[in-house]
Structures are given as structure tokens and as C-alpha cells.
Amino acid sequence: MFSLRSKNTPIRPWHWLGLLVLIVIGDYSTGPFIHSAVLFYLIPVGLAAWSSRSRWPALGVAVIWPFLRLGIVMLWGWPWPKWLTMEDTVVDGILSSGFAMLIWQMRQQAQAIRTLEGLLPMCGFCQKIRTPDGWERVDSYILHHSEARITHTFCPECGRLHYGHLSEGPSAS
């Protein structure tokens, strides 16, 4: 089953770029008087925003597609006033860039939530976590399944237990 949360079915750049090409071809072939085709351009923008680690691919698609549409309008022979078409191109670019940023932020929040939710089967003795591949140390698991960074230190109790001889005063001998 396809899910945007699944790591089993990644959305690759060629998916949304191919979809963009199909939308451009469909937009050109439907002619200048079907304006609903403009809404389809937001689909590759949203997919690029959701599937990319950076926001730049989505912003690139969001800025490029209005100019592709402008090229299509020129091929049609400017069925509308040029100033109106240019204004529409700028507005489409601004709105689709905002849409791309919104989707990208939603993806960032979904990743943070996914990192924090769920139950982990953990050994009560060695504190390792059971994964489909076997048992894994807690710090390794966190590094592989979240954006968290780990640093090692020790709590005051463990400091006294393991390094107590360093914190005691000089012996009275």
C-alpha cells in the first residue's frame, strides 16, 4: 500500500518531474480556455516539497512552472493581454512557493512526530531495542531513526559509583 509516511515507497525526483512534464503536455493540448489545469501544477510542487530533504527542489518547481505556463501561452498566440499574463505568472509563482513551503513544513513536523510516537520493545536488562533486523543499542537506534544527535556523559550517581575515588577528599592516613 502506498503511503507518504512509508519508507518502502520513496517518491523520487523523476516521479514529480515526470508528472510535471505530463501536466505541461496536458495543459498545452487542452487549449487556452481550460483554466483548471493550472491547479494540477501544484501536485508536483507538493510532491517535491514532501519528498525532498531540502526545500529548494520544491521552490525550484514552484518558480519554474509559471514560466513553463507562460511559454505555453506564448505558443497559443497570447489569447489574453500580455500584462495580465505576466501578472498572473508572478502571482502563480508566489502562491505556489508559499504552497511548497507549507507542505515542506508539514513534512518536517510529521517527521518530528513520527520520531516521538510509538512503543519500542526494549530489553529490561541490557536496554537494547528489538528491531526487525535483531537487537540494537538504544543510542544506535536513536541515531538511525531520528534527527537527534547523541552525546555521552554520566549522571551524578554513576559519577559517584564509578569515579567516587576521584571526588573524595585526601585520605586521612
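Nothing in this text is a laboratory measurement; each read-out follows from the coordinates by a stated rule. Computed from a predicted model, the values in this text were never measured in an experiment. As a convention, Cβ positions derive from the backbone with ideal geometry for all residues, glycine included, and neighbour counts pool all protein chains shown.
A few remarks follow.
- Difference of contour (0.36 nm per residue) and Cα-Cα distance, Met101 to Thr30: 22.6 nm
- Between Ile94 and Arg149, the modelled label-to-label distance comes to 3.8 nm, taking each label 7 Å out from Cα in the direction of the beta carbon.
- Hz values of 3J(HN,Hα) by residue in region 10-20 - Karplus curve (6.51, -1.76, 1.60), Gly and Pro given as x: x, 8, 8, x, 5, 5, 6, 6, x, 5, 4
- For peptides 45-53, 31-39, sequence by mean Cβ density within 10 Å, most packed first: 45-53, 31-39
- Where labels lie 7 Å past Cα in the beta-carbon direction, separation of Val38 and Leu17 in nm: 2.7 nm
- Values [x] 19.3, 69; [y] 24.4, 97; [z] 26.8, 101 are given for comparison; Rg and Dmax of the Cα atoms in Å, derived from the coordinates here, is the one labelled [z].
- Lys/Arg +1, Asp/Glu -1 at C-beta; region 1-126 dipole; positive extreme among Trp83, Ile113, Trp65: Ile113
- Cβ charges +1 (Lys, Arg) and -1 (Asp, Glu), total dipole of the chain, debye: 240 debye
- Among Arg55, Arg149, Arg12, residue whose mean-square fluctuation peaks in a GNM of the chain (springs only between Cα atoms under 10 Å): Arg149
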